[in-house]
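Working notes, beginning with the structure itself.
The values are calculated or read from the model by the stated rules, or taken from the named source; none is laboratory data. This structure is a prediction, so every number in the text was calculated from the model and none was measured. All Cβ positions, even for glycine, are placed from backbone atoms using ideal geometry, and neighbour counts span all protein chains on display. Protein only, heavy atoms only, side chains kept; ligands, DNA and RNA dropped before computing areas. Shrake-Rupley method; radii C 1.70, N 1.55, O 1.52, S 1.80 Å.
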Amino acid sequence: MSTTNNKHSNQTGPTRILIVDDHPLVRLSLREFIRREKDLEVCGEAEDRDQALALVAATKPKLAIVDLTLKTSNGMELIKDLRNQFPAVHILVLSMHDETIHAERAIRAGARGYITKQEATTRVMVAIRQVLSGEIYWSERAAARVASKIAAPAHSAGELPTDCLTDREFQVFEMIGAGRSTRQIAAALHIDVSTVETYRARIKEKLNLADSLALLQYAIRWHISNARG
């Protein structure tokens with residue numbers, strides 16, 4: 001966890017930005033990129049949820065740039081925490097995960113924008129500026145998917161099978177696909193093994209999967225087809 005000291009207030013000085021990412025090189029790249037903008041400054045960096053919440057309280061940023069995969073926690077849960085505890089902080093997700101799968105969930109959780117790490121840095125700055133101005137930012141691809149879901153009837157061809165899962169169920173489903181055991185999932189999410197089993201049962205029911213083996217196979221196929229960088 002790191003902070004940047006300055007003598008400016010939030011009202012008169014550069015706009016404060018907090019970076020939350022578990023990769024030091026990504027944080028360094030973002031910090032140097034933002035430093036080129038005279039009206040913006042990085043007020044701190046964190047690699048997990050607890051550090052991020054502590055830094056938001058201490059440095060009062062206007063924007064938090066958050067990855068969905070953090071060192072010891074989940075970015076989606078952090079987004080919800082920030083929305084509930086610090087509603088004035090705007091949130092922009094910068095992640096390697098496919099936006100057509102995660103962007104809508106992130107916006108529903110409380111983010112104001114979603115952009116992938118594969119985008120050019122110029123687009124990242126567009127996203128930062130747009131979110132800071134109070135607008136929602138996401139790509140034309142993600143926006144088109146949301147629009148098609150609104151226009152189409154329920155369970156249409158444009159809807160992903162996993163859309164029926166809650167955020168927590170989807171999180172468990174992803175971890176199953178990544179090869180995590182029930183105990184590993186419970187430890188990572190700080191919940192009981194029995195709770196994970198309940199989520200597994202709900203996922204099987206919602207995805208119409210016959211048994212645990214079918215769930216594992218489906219989750220692994222999904223993970224392989226959607227994994228990035």
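Here Ala187, Ala214 are screened, and the one residue that is closer than 17 Å to Glu77 by Cα and free of Cβ contacts under 8 Å to residues at least 60 places away in the same chain is Ala187. If you go through segment 113-141 and keep only what is in a helix (DSSP H, G or I) and either out of contact with any strand residue (DSSP E or B) (no Cβ under 7 Å at 6 or more places or on another chain) or hydrophobic (A, V, I, L, M, F, W, C) (or both), you end up with Thr121, Thr122, Val124, Met125, Val126, Ala127, Ile128, Arg129, Val131, Leu132, Glu140, Arg141. Restricted to segment 192-227, and to residues there that are in a loop (DSSP other than H, G, I, E, B) and touching a Lys or Arg at 6+ places or on another chain (Cβ under 9 Å), the residue that is farthest from Asp50 (Cα to Cα) is Ala210.
Every residue in segment 92-102 that is crowded, with 19+ Cβ neighbours inside 10 Å and in contact (Cβ under 8 Å) with a residue 40 or more places away in the chain, please. If the condition is that a residue be crowded, with 19+ Cβ neighbours inside 10 Å and in contact (Cβ under 8 Å) with a residue 40 or more places away in the chain, then Leu92, Leu94, His97, Glu99 are the ones that fit.
Of the listed requirements (1) modelled with pLDDT of 95 or more; (2) surrounded by 21 or more Cβ atoms within 10 Å (Cβ to Cβ), Met76 misses just one: (1). For segment 158-191, a tally of residues being open to solvent by less than 50 Å² (accessible area, probe 1.4 Å), assigned to a helix (DSSP H, G or I) and not charged (D, E, K, R) returns 13.
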